[in-house]
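**Q** Mind having a look at this structure? Questions to follow.
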2 protein chains.
Amino acid sequence: MSSGSYRGKGADTLYKHSISVGDTIAISTNDGEEMQGVLMPRYESASDRYIVIKLKSGYNTGIDVTRVKSIRKIADTVAHKAAKVSQSQSRQTDNTLPKIALISTGGTIASKIDYRTGGVRAALSASELYASVPELTAIASVDPEVLMSEYSENLVPGHWTIMANKIAEKVATGKYDGIIVSHGTDTMHYTAAALSFALQGLPIPVVLVGAQRSSDRPSSDAALNLIAATTFAVSAPLAGVFVAMHANTSDDAIAIHIGTRVRKNHTSRRNAFESIDTEPVALVKDGKVEMLQKEEDDKKLAQRHSEKLKARPSFDSRVALVKYFPGIDPTMVYGLISSGCRAIIFEGTGLGHVNKNLFGVLREAEEKGVHVFMTSQCIWGRVSMTVYDTGRDLLDIGVIPLSDMLSETATVKAMWALANTQDLKKIMQQNIAGEILSAIPI
Amino acid sequence: MSSGSYRGKGADTLYKHSISVGDTIAISTNDGEEMQGVLMPRYESASDRYIVIKLKSGYNTGIDVTRVKSIRKIADTVAHKAAKVSQSQSRQTDNTLPKIALISTGGTIASKIDYRTGGVRAALSASELYASVPELTAIASVDPEVLMSEYSENLVPGHWTIMANKIAEKVATGKYDGIIVSHGTDTMHYTAAALSFALQGLPIPVVLVGAQRSSDRPSSDAALNLIAATTFAVSAPLAGVFVAMHANTSDDAIAIHIGTRVRKNHTSRRNAFESIDTEPVALVKDGKVEMLQKEEDDKKLAQRHSEKLKARPSFDSRVALVKYFPGIDPTMVYGLISSGCRAIIFEGTGLGHVNKNLFGVLREAEEKGVHVFMTSQCIWGRVSMTVYDTGRDLLDIGVIPLSDMLSETATVKAMWALANTQDLKKIMQQNIAGEILSAIPI
């Protein structure tokens with residue numbers, strides 16, 4: 001019998017009631033509140049005054065031990081139950097639940113929780129992640145697999161190739177109704193864009209999901225995001241690459257974003273991810289998928305099983321993203337040209353402008369076959385380089401405007417296009433995976 | 001008698017009624033609508049079907065000439081009237097209106113309108129800008145001056161020095177209740193930050209104001225922004241550097257932002273500027289200033305005439321802003337070090353992370369005395385580098401987290417600190433002008 005990472009007051013209370021981390025418990029408080037949920041492990045440095053349980057809603061809550069009037073165990077640890085579920089699933093391959101592959105790549109969603117020791121670890125395996133969210137067993141039969149275990153700031157284009165290949169392999173089995181990729185949030189939008197280009201013609205949804213707060217913390221968003229991602233993956237009519245994260249700071253809705261149109265816009269909030277210049281595709285609320293795209297948008301989103309997967313998972317990193325700022329030294333761009341860079345994505349000001357003192361180096365880039373593309377550091381809106389002299393001069397030089405494509409998506413797309421296509425300029429201006437909402441303005 | 005740039009149907013209608021651009025006119029339409037306003041010039045390539053008038057609200061509206069039932073002149077051209085006002089002002093220096101200096105630097109707000117020819121020009125002088133918004137004469141006695149005429153994407157740190165010196169000169173006269181700087185919107189937030197550091201201890205408000213749509217277009221935001229900036233400059237209790245732009249897409253409120261906490265977040269909308277991680281200081285509505293800052297924030301904002309101006313207007317451009325992206329080549333950062341860069345502002349992912357393959361070059365930067373600072377490309381929120389291994393490793397290397405400072409503001413601040421202070425590292429971590437809302441986390 002272990003009370004997990006609990007120490008001090010919290011541990012005493014749990015020990016007294018023979019309760020282990022992972023058990024389902026009922027707590028009555030002095031002020032008459034009744035709560036039921038799964039006992040969660042505590043982060044090692046946390047205050048020992050609180051007992052943390054995951055409620056049926058998926059929300060974690062911390063209860064001050066001094067408020068506890070009574071506490072009792074309702075069921076065994078989730079880990080044990082999940083193990084049993086897993087065994088029964090392997091016996092019942094013909095069960096009627098939809099089938100999902102859960103590919104774990106690392107990040108907060110898969111960190112700092114360990115049901116065996118109650119302690120904190122850097123990585124949680126996909127099967128543990130699955131086991132820690134028992135609600136999933138009611139939605140889908142999940143095949144978990146750990147592909148890698150990286151904080152997402154450490155992912156490079158080579159990792160996108162590994163992920164794309166693994167997903168293509170899972171798709172090829174024909175067994176799955178959807179694929180979930182658990183991922184660190186820091187670069188999840190870059191990966192989502194990468195998979196959108198690498199895996200065109202997907203017959204099923206691939207949903208990236210992360211967490212802003214690790215599973216062991218009260219108010220973790222891990223479980224709800226994972227449940228919603230799975231709900232969408234099994235029941236949405238669409239195929240393609242999506243990102244599932246909290247839609248707001250409360251816990252009532254998870255937004256499903258198009259993989260090429262989403263951005264991490266807050267360092268810490270649970271609703272850090274936002275669709276840019278468009279609405280999310282869907283909200284998942286109360287276990288149901290509510291589609292948000294208007295009718296005229298339907299044709300832009302691929303329907304399930306309407307296409308055949310063409311995996312082109314290579315990326316060429318010889319691409320630079322350069323954010324313009326007043327006082328920027330043209331030497332920086334000369335350096336990129338001489339270091340072998342093949343394409344430069346500029347984040348210009350406003351409608352797509354940079355200082356005229358960069359015109360010389362941009363002309364040299366074009367002469368040397370280094371293509372320069374323009375996006376806007378405004379984030380929202382679209383570049384339009386015909387309105388002012390500066391924009392027209394840049395067009396004359398050969399700089400190509402990318403309409404409303406996000407600079408992050410443009411960078412990833414250029415890396416993909418360099419590796420897989422012959423005409424970078426042309427491909428960059430064609431909409432492939434929702435990355436261009438408005439036609440390219442010339 | 002000139003009908004300005006009007007051609008075709010529009011010109012015919014105006015010619016018939018002996019009306020010139022700049023005249024105040026009354027129009028009745030076939031469907032019973034009555035409108036009064038100043039006849040505006042048309043952009044030369046625009047459809048000749050519409051007559052554009054500026055309503056009393058400051059809003060421009062286009063009226064289809066086929067809708068016009070009757071049209072009559074109410075008053076002479078604004079240009080003539082403004083000239084008369086200007087003469088009368090020079091005679092009445094003891095008038096009771098507050099006194100404002102209007103410094104014009106260029107941009108959309110000062111472009112594409114010319115009352116003398118009715119045509120379109122690249123630059124409108126400050127006095128013409130003033131004359132084109134006759135409402136200003138009721139709010140303040142305005143001294144207009146053209147300092148420069150640049151699209152803001154062409155401004156470099158040297159221009160900030162020129163502006164700071166000019167403002168300091170105006171402040172030194174002791175004559176003005178406030179100073180308005182009309183500016184292109186593309187880099188207005190960079191300039192606002194620059195002036196915030198260069199002009200500490202301002203006794204009066206300095207308000208930067210721009211327009212997303214030029215004065216000659218229907219739905220131009222120029223007049224309303226200028227009126228609100230002037231209203232704030234003459235009546236707000238505060239001193240410091242601010243930005244005045246539309247608060248939303250309608251025309252009922254102009255937001256006043258702190259100069260170091262504002263960002264252009266949309267390429268084209270009138271409410272493109274947003275305060276980040278804080279509310280605007282005030283809204284200007286119906287000609288009145290509505291302060292928004294909570295009481296606990298009051299002490300952070302300097303009161304009018306509470307301080308004495310210390311102008312330190314120099315900037316050192318040997319600073320680079322680098323946005324991190326997956327696949328970034330460390331060579332790019334080596335290049336910055338060898339080209340003489342003295343400080344690097346990184347826009348990291350999430351809480352302030354970059355790939356571990358940059359640790360080597362960041363260590364080398366620190367060894368060579370090139371200080372590296374961390375902000376977040378999320379834009380909202382704050383970096384916190386103690387939560388994950390990556391952040392702690394970066395702190396060990398010597399990378400300095402900048403809390404919730406905007407990357408654009410951080411870049412400008414480093415340029416200012418390099419030129420004016422001895423201890424860059426220390427100054428960057430101290431709040432000088434509202435650029436740090438939360439204490440720097442270590």
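**Q** Can you name every residue in the range B:289-336 that is assigned to a helix (DSSP H, G or I) and among the small types (Gly, Ala, Ser)? Steps first, please.
**A** So in the range B:289-336, the residues assigned to a helix (DSSP H, G or I) come out as B:295-300, B:330-336.
B:Gly335 - this is the single residue of the range B:289-336 that is assigned to a helix (DSSP H, G or I) and among the small types (Gly, Ala, Ser).
**Q** Here is a follow-up. In the range B:272-288, which residue that is part of a loop (DSSP other than H, G, I, E, B) and aliphatic (A, V, I, L, M) is nearest to the chain's Cα centre (by Cα)?
**A** My answer is B:Ala272.
**Q** Among the candidates B:Thr249, B:Thr230, which residue alone is surrounded by fewer than 24 Cβ atoms within 10 Å (Cβ to Cβ) and more than 21 Å from B:Ile432 (Cα to Cα)?
**A** The match here is B:Thr249.
**Q** Every residue in the range B:131-166 that is touching a residue at least 60 places away in the same chain (Cβ under 8 Å) and out of contact with any Pro (no Cβ under 9 Å at 6 or more places or on another chain), please.
**A** Answer for the range B:131-166, where residues must be touching a residue at least 60 places away in the same chain (Cβ under 8 Å) and out of contact with any Pro (no Cβ under 9 Å at 6 or more places or on another chain): B:Ser132, B:Val133, B:Pro134, B:Glu135, B:Leu136, B:Val142, B:Gly158, B:Lys166.
**Q** Where residues in the range A:384-399 are buried (at least 24 other Cβ atoms within 10 Å of the Cβ) and modelled with pLDDT of 95 or more, which of them is farthest from A:Ser196 (Cα to Cα)?
**A** Filtering first and then ranking leaves A:Leu394.
**Q** A further question on this structure: Which members of the range A:349-358 meet the condition of being free of Cβ contacts under 8 Å to residues at least 40 places away in the same chain and over 11 Å from A:Val333 (Cα atoms)?
**A** So in the range A:349-358, the residues free of Cβ contacts under 8 Å to residues at least 40 places away in the same chain come out as A:349-350, A:355-358.
Result: A:Thr349, A:Gly350, A:Asn355, A:Lys356, A:Asn357.
**Q** Check off (1) touching a helix residue (DSSP H, G or I) at 6+ places or on another chain (Cβ under 6 Å); (2) under 27 Å from A:Met385 (Cβ atoms) for B:Asp221 and give me the number that stays unchecked.
**A** All conditions are met except number (1).
**Q** State all residues of the range B:142-160 that are assigned to a loop (DSSP other than H, G, I, E, B) and not charged (D, E, K, R); if no residue qualifies, say none. Spell out the reasoning first.
**A** Keep residues of the range B:142-160 that are assigned to a loop (DSSP other than H, G, I, E, B), which gives B:147-151, B:155-156.
Selection gives B:Leu147, B:Met148, B:Ser149, B:Tyr151, B:Leu155, B:Val156.
**Q** Only one of (1) within 11 Å of another protein chain (Cβ to nearest Cβ); (2) of a type outside the set (Ser, Thr, Tyr); (3) closer than 30 Å to B:Phe273 by Cβ is not met by B:Lys356, so which one is it?
**A** (3)
**Q** Given (1) of a type in the set (D, E, K, R); (2) surrounded by fewer than 22 Cβ atoms within 10 Å (Cβ to Cβ); (3) modelled with pLDDT of 75 or more, identify the lone condition not met by A:Arg116.
**A** (3)
**Q** Something else: State all residues of the range B:409-431 that are out of contact with any strand residue (DSSP E or B) (no Cβ under 7 Å at 6 or more places or on another chain) and not basic (Lys, Arg); if no residue qualifies, say none.
**A** Across the range B:409-431, the qualifying residues are B:Thr409, B:Val412, B:Trp416, B:Ala417, B:Ala419, B:Asn420, B:Thr421, B:Gln422, B:Asp423, B:Ile427, B:Gln430, B:Asn431.
**Q** While we're on this one: Tell me whether the range A:338-352 contains one or more residues that are out of contact with any helix residue (DSSP H, G or I) (no Cβ under 8 Å at 6 or more places or on another chain) and either away from chain B (no Cβ under 14 Å) or of a type in the set (Lys, Arg) (or both).
**A** Within the range A:338-352, none of the residues are out of contact with any helix residue (DSSP H, G or I) (no Cβ under 8 Å at 6 or more places or on another chain) and either away from chain B (no Cβ under 14 Å) or of a type in the set (Lys, Arg) (or both).
**Q** Moving on to the next point. Determine which member of the set B:Ser182, B:Ser152 is within 12 Å of chain A (Cβ to nearest Cβ) and either crowded, with 22+ Cβ neighbours inside 10 Å or not β-branched (Val, Ile, Thr) (or both).
**A** B:Ser152
**Q** Is it the case that B:Gly210 is within 14 Å of chain A (Cβ to nearest Cβ), touching a Phe, Trp or Tyr at 6+ places or on another chain (Cβ under 9 Å) and either within 24 Å of B:Pro237 (Cα to Cα) or surrounded by fewer than 24 Cβ atoms within 10 Å (Cβ to Cβ) (or both)? Before the answer, list the steps.
**A** Details: within 14 Å of chain A (Cβ to nearest Cβ): yes; touching a Phe, Trp or Tyr at 6+ places or on another chain (Cβ under 9 Å): yes; either within 24 Å of B:Pro237 (Cα to Cα) or surrounded by fewer than 24 Cβ atoms within 10 Å (Cβ to Cβ) (or both): yes.
Answer is yes for this residue.
**Q** Shifting gears a bit: When residues of the range A:423-442 are filtered for being within 18 Å of A:Glu366 (Cβ to Cβ) and either among the acidic types (Asp, Glu) or modelled with pLDDT of 95 or more (or both), how many remain?
**A** 7
**Q** Within 11 Å of chain A (Cβ to nearest Cβ) and of a type outside the set (S, T, N, Q): is that true of B:Glu408 in this structure?
**A** For B:Glu408, the condition - within 11 Å of chain A (Cβ to nearest Cβ) and of a type outside the set (S, T, N, Q) - is met.
**Q** What are the residues in the range B:410-424 that are part of a helix (DSSP H, G or I) and either closer than 15 Å to B:Lys323 by Cβ or of a type in the set (Asp, Glu) (or both), if any?
**A** Passing the criteria: B:Ala410, B:Thr411.
**Q** Pairs, please: C-beta under 9 Å, at least 6 apart or cross-chain, first residue closer than 15 Å to A:Gly158 by Cα and in the range A:310-323, second among the hydroxyl-bearing types (Ser, Thr, Tyr) and part of a loop (DSSP other than H, G, I, E, B)?
**A** A:Arg312/A:Thr421; A:Arg318/A:Ser339
**Q** Just for the range A:261-270: of the residues that are at pLDDT 95 or above, in a loop (DSSP other than H, G, I, E, B) and within 14 Å of chain B (Cβ to nearest Cβ), which one is surrounded by the fewest Cβ atoms within 10 Å (Cβ to Cβ)?
**A** Step one: filter the range A:261-270 for residues at pLDDT 95 or above, giving A:261-267.
Then keep just the ones that are in a loop (DSSP other than H, G, I, E, B); that gives A:261, A:265, A:267.
Applying the additional criterion that residues be within 14 Å of chain B (Cβ to nearest Cβ) yields A:265, A:267.
On the way: A:Asn265: 19, A:Thr267: 25.
This residue is A:Asn265.
**Q** Find the residue count for the range A:401-424, including only residues that are over 27 Å from B:Gly350 (Cα atoms) and surrounded by 22 or more Cβ atoms within 10 Å (Cβ to Cβ).
**A** Here the count works out to 1.
**Q** Look through the range B:361-390, keep the residues that are within 14 Å of another protein chain (Cβ to nearest Cβ), part of a helix (DSSP H, G or I) and farther than 18 Å from A:Ala211 by Cα, and return whichever of them is farthest from the chain's Cα centre (by Cα). Talk me through it step by step, then tell me what you get.
**A** Keep residues of the range B:361-390 that are within 14 Å of another protein chain (Cβ to nearest Cβ), which gives B:361-362, B:370, B:373-390.
Narrowing the set further to residues that are part of a helix (DSSP H, G or I) leaves B:361-362, B:389-390.
Going one step further and asking which of them are farther than 18 Å from A:Ala211 by Cα, we end up with B:361-362.
Working: B:Val361: 37, B:Leu362: 34 Å.
It comes out as B:Val361.
**Q** Identify all residues within the range A:425-440 that are surrounded by 15 or more Cβ atoms within 10 Å (Cβ to Cβ) and in a helix (DSSP H, G or I); write none if there are none.
**A** Initially, the range A:425-440 is screened for residues surrounded by 15 or more Cβ atoms within 10 Å (Cβ to Cβ), giving A:427-429, A:431-437, A:440.
A:Ile427, A:Met428 - these are the residues of the range A:425-440 that are surrounded by 15 or more Cβ atoms within 10 Å (Cβ to Cβ) and in a helix (DSSP H, G or I).
**Q** On to the next question. Residue by residue through the range A:26-47, note down the ones that are at pLDDT below 85 and surrounded by fewer than 16 Cβ atoms within 10 Å (Cβ to Cβ).
**A** Passing the criteria: A:Glu44, A:Ser45, A:Ser47.
**Q** For the range A:277-331, give me the residue count where each residue is more than 14 Å from every other protein chain (Cβ to nearest Cβ), on the phi > 0 side of the Ramachandran plot and among the small types (Gly, Ala, Ser).
**A** 1
The values are calculated or read from the model by the stated rules, or taken from the named source; none is laboratory data. Note that the coordinates shown come from a computational prediction; the quantities given were computed from them, not determined experimentally. All Cβ positions, glycine included, derive from the backbone under ideal geometry; neighbour counts span all protein chains shown.
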